[in-house]
Structure formats: C-alpha cells, structure tokens
1. Can you give the Rg/Rh ratio of the stretch 99-170, where Rg is from the C-alpha atoms and Rh is the Kirkwood radius?
2. If each residue of separation counts as 0.36 nm, what is the full-extension length gain between residue 84 and residue 103 once their alpha-carbon separation is subtracted?
3. Could you give the DSSP H helices of the chain that reach 15 angstrom or more along their long axis (alpha carbon positions) and whose average Kyte-Doolittle hydropathy is no lower than -1.0?
4. Size of the dipole of the stretch 64-193 about the Cα centre, Lys and Arg at +1 and Asp and Glu at -1 on the beta carbon, nothing else charged, in debye to 20?
5. For residue 129 and residue 37, what does the FRET efficiency come to when R0 = 45 Å and r is the distance between their Cβ atoms, rounded to the nearest 0.05?
6. Anyone know which of 117, 46, 155 comes out most mobile in the 10 Å Cα GNM of the chain?
7. Mind giving me the FRET efficiency for residue 182 and residue 17? R0 is 51 Å, r the Cβ-Cβ distance, nearest 0.05 is fine.
8. Could you bin all the Cα-Cα distances of the stretch 64-193 into 10 Å bins starting at 0 and give me the percent of pairs in each, rounded to whole numbers?
Amino acid sequence: MTDFQEVIEKIARSLDSVEDRGTVASYIPELAQVDKNKFGIYVTDAANHGYGVGDADQGFSIQSISKALSVAQAFAILGDKLWQRVDVEPSGDPFNHLSLLEQENGIPRNPFINAGAIVVADVLFSHLDNPKKDFLSYVRNIANDESIDYDEKVAISEVKTGFKNIAAANLIKSFGNIENDVDDVLDFYFHQCSLKMSCRQLTHAFYFFMNGGKCQQGRKYLTSSQAKRINAIMLTCGFYDEAGEFAFEVGLPGKSGVGGGIVALLPNKFCAATWSPGLNAKGNSKLGMKALEQLTTLTGLSIF
C-alpha cells in the first residue's frame with residue numbers, strides 16, 4: 001500500500017529550496033497579488049483517505065480547472081450532442097488564441113481552451129434555471145462542501161481585463177455557436193473561473209472522475225463511459241499546448257489553471273491537487289508540474 005503522506009512530504013522538502021518558482025498571472029490583477037512562495041499538495045485515495053502538506057487547505061482561484069467541472073455538467077445534460085458544438089482535439093495553441101476559430105467555423109477545438117469553455121458555458125446557460133447559482137450548487141454537491149464559493153473580486157477583475165474572451169465569444173456568436181446573449185454567457189463564464197477552492201476541496205470535487213462518475217458520497221453524476229471520455233480529454237488537452245509534456249512527464253489525466261492549481265488523477269486509485277502560484281511560460285504551475293512528476297515517479301502510479 002502506498003504511503004502517500006510520506007511521499008508528498010518528501011516532495012515538499014525537495015521543492016522547498018527551489019529558487020525559480022515561475023511568475024504569477026499578472027494579467028488578471030487580483031491574481032498578481034498572490035504570494036508565489038505558497039505551495040500545497042493534497043491526495044485523496046480511492047478509500048477516501050486524505051493526505052496533505054503545506055498550504056493544502058488555503059483557498060485559491062481555480063480558474064481553468066473549473067472547465068472540467070462545467071463540461072461534466074454539460075455532458076450529463078446533453079450527452080454526445082455536446083460534441084457537435086465543441087470538439088475534443090488538442091489545439092496546439094495557447095489557451096486564449098483565436099486563430100483556429102474562424103478556420104473551423106466557430107467550433108472550438110476542445111472544451112478546455114477558453115473558446116471551448118465559453119461554448120460549454122452557453123450550453124449550461126440554456127439549460128440551467130439560474131446558471132451561476134445552479135453551477136455553484138453542482139460543485140458544492142459533488143465536493144460535499146457548502147463553503148465553496150465564487151471570489152467576486154476575481155470575477156470583476158476578469159470582466160475588466162477579459163478582452164480576448166469577449167472577442168472569442170463574439171466571433172463564436174457570429175457562427176451561431178453561442179445561443180444566448182454574449183454578455184450574459186461571459187458573466188457566467190467569468191464567475192465559473194473565479195471559483196475559490198483549496199487542494200483538499202479540489203480532490204474531493206474531482207473524485208468522481210477517478211471513481212467512474214460517482215462522488216465520495218456514492219452519488220452518480222456521470223456514467224462510467226462519460227467519466228472515461230472526460231479523463232481522456234484531460235490527458236490530451238488539459239494543459240493547453242503543454243499537454244503532451246504533462247503526459248510525458250507525469251502520465252495522468254489532469255487540468256491546470258493560471259491561479260497555480262493543478263488536479264490530476266489515476267482512475268480507481270487516487271486524485272491529487274497541487275497549488276503553487278508561479279507559472280511557467282506555458283501558463284502551468286512550475287512547482288506543481290515538478291511535484292506531480294515526482295508523485296508518479298516515487299509511487300510508480302500512472303496510466304502508463
């Protein structure tokens with residue numbers, strides 16, 4: 001049996017002396033204020049045992065990690081019809097690029113680039129009675145945690161600086177792949193990205209991806225087939241144009257966010273989350289990538 005506590009403590013010690021911790025995401029003003037020396041890691045195993053070290057219980061802006069949760073909710077509602085509006089192919093481009101949208105008639109490459117997540121937000125906006133409230137309830141329910149909430153300061157900060165997202169949404173709208181008012185969809189999307197959670201909470205929320213669609217309380221949110229497909233998209237697209245590198249170095253499905261968080265999982269074994277706000281050139285947590293590479297190396301647990 002793997003001693004996750006011993007492993008993550010060893011990882012934390014090895015990273016403690018690392019001087020180059022990357023750069024925080026300054027283009028969102030609220031994120032620019034975060035201390036890049038923060039580091040946390042938390043693991044929840046298949047038996048619901050938890051192991052944490054460092055700042056694993058400090059909340060942070062999960063940003064694009066939320067895209068895995070929104071696409072799960074949309075997939076459960078629409079089924080395979082969802083893939084008529086957003087593809088499942090790696091983009092090979094940074095998360096906020098628009099170049100492929102016009103070439104591909106407003107169908108985003110995958111649900112984890114910003115354009116794809118905006119289409120998913122539009123799907124949810126069409127099907128939820130109160131999108132912001134209902135999505136938050138969904139996340140709280142799968143994590144079994146009523147304390148999870150939006151960070152309104154971050155949401156406002158994103159609205160003020162989200163010019164490329166506004167451009168992407170209007171371009172997609174011009175092709176008919178946004179059904180609702182662009183401003184309404186973007187308000188929902190910006191709030192989705194502003195969710196504040198800790199590493200511990202993220203492993204609880206992502207447990208159902210690791211557990212065939214069932215959360216820690218045994219409630220079914222996805223079929224096992226749907227969970228498998230979202231895990232596949234996380235493996236191939238979860239790290240923007242560094243997804244291949246993450247698969248090569250870590251070997252797990254996962255999702256990153258520019259708030260410095262990363263969640264990764266091994267089906268039927270464990271779910272792990274790291275937080276270190278300093279990002280590498282691709283927009284992924286510098287120490288988080290190193291920590292998860294060490295996790296799979298030290299435990300010998302990956303999908304490969």
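Just so it is clear, none of the values below were taken in a lab; they were calculated from the coordinates. Quick caveat, the model's predicted, so the values are computed rather than measured. Neighbour counts are summed over all protein chains in view; Cβ atoms, including those assigned to glycine, are modelled from backbone coordinates with ideal geometry.
1. Checking Rg against Rh, the ratio lands at 1.03.
2. Here the segment from residue 84 to residue 103 would lengthen by 5.2 nm.
3. Helices passing the filter in the chain: 4-16, 66-78, 114-127, 131-143, 163-174, 182-193, 224-237, 286-299.
4. 140
5. Once rounded, the FRET efficiency stands at 0.60.
6. 46
7. 0.60
8. Per 10 Å bin, starting at zero, the Cα-Cα P(r) for the stretch 64-193 comes out as 13, 48, 33, 6, 0 percent.
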